1. Take every Cα pair under 8 Å in segment 96-229 that's 6+ residues apart, average their separations, divide by the length, and report that relative contact order as a whole percent.
2. What is the extension gain from T63 to R269, computed as 0.36 nm multiplied by their sequence separation minus the C-alpha to C-alpha distance, in nm to one decimal?
3. Of the peptides 58-67, 243-252, 93-102, how do they stack up when ordered by the mean number of other Cβ atoms within 10 Å, highest first?
4. What residues qualify as long-range amide H neighbours of V224, i.e. H under 5 Å apart, gap of 5 or more or another chain, H built at 1.01 Å from N?
5. Hey, of (1) 15.2; (2) 16.6; (3) 19.1, which did the structure itself give for mean projected area of the Cα convex hull in nm² when calculated?
6. Defining a contact as two alpha carbons under 8 Å apart and six or more residues distant in sequence, what relative contact order in percent does the chain show?
7. Show me the ranking of peptides 24-31, 298-305, 222-229 by mean Cβ neighbours inside 10 Å, starting with the highest.
8. Compute the distance from the alpha-carbon center of segment 238-286 to that of segment 6-76, in whole Å.
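Taken together, the values in this text are just the output of simple stated rules run on the coordinates, not laboratory data. Quick caveat: nothing in here was measured; it's all calculated off a predicted structure. Cβ coordinates were reconstructed from backbone atoms using ideal geometry, including for glycine residues, and neighbour counts include every protein chain displayed.
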Amino acid sequence: MPIRIGFVGTGGIANTHFDALSQLEDAQPVAFCDIDAERAQRAAARFNGRPYTDWRTMLESETLDALYICLPPHGHDGVEIEAAERGIHLFVEKPVARTLEYAQRVAEAIQKAGVLSMVGYHFRYYGAIERAKERLQGLPVLMVKGAWDGGMPGVAWWRQHALSGGQLVEQTTHIFDLARHLAGEIVEVAAFSHYNPALLHHPDGDVSVADVVCLKFENGAVGVITDTNGLHAPGEVGLKVYTPERVVEVSWGRMTETEPNRKEEYFSRDNPYLRESEAFLQAIRTGDRSLIRSDYRDGVHTLAVTLAADESGRTGQPMPVARI
């Protein structure tokens, strides 16, 4: 029986999910909401569905099994809570919210309703990341080094700190999430942030152009994650995990494993966006929550780390990570 799917937000990352869902026989996208009516209509036309500009109207008008929420950090305005209360399973793109207070309210609503939830940390569905986690299993972690070093995204809201949280919260969240996934929970951060409006090349921007974040893990390991949005040259995205006898480095679909007298590279050619949607729909069909590698509450943990890092960079003070 087809799984009836709605979308709130139909630009950017939503189109990647459209491509993935179009390859899954039991996926039936039927309703598409966006504040841009033309964008909603284009998405609806692709699947012969119905467009909306108000998610409340959509939820009242449609019978949905699942809802993909593809909103910018500041755009979350209660849709997750309303959908959960209606018994609709939720796929929420990262970061799950702009504030921890809102995210915790959503997490409580999801738990109370008993619906399934997944957060779009697609890196976890690369075969290379799966292999890295297997190769690190049971090993003591000494430290981690990670980076999301690139350029400035082209949407205006992204360069407004109040709306996006900047690079730490909006993009580098993937690297913080990988650090949690592969090395353990992060309990404290200390960050230095570089603010220089001239380097943003956007006079209306107020986000940092570069950040360096030191990490303290619950298991005693330490780490550092860097980011920048100021590059006009090739950057770096990935994470390296150090153990006494094995170093594992991951980036997109690649894993490099180094040991004394041995180095091996592993490439996975899989589509993580397709694999995460497959897992989400399979979990809905079977009730098997183990298929979901990052549920909403887990996504809130990553949000807590990035918000603490952002606060540390803005104040110059070390910050504990809020416990969820």
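1. For segment 96-229, the relative contact order is 27 percent.
2. Gain on extension, T63 to R269, equals 70.6 nm.
3. Ranking the peptides 58-67, 243-252, 93-102 by packing returns 93-102, 58-67, 243-252.
4. So V224 has HN proximity to V144, K145, G146, L215.
5. It is the one labelled (2).
6. Relative contact order here is 19 percent.
7. Output ranking for 24-31, 298-305, 222-229: 298-305, 222-229, 24-31.
8. Answer, in whole Å: 30.
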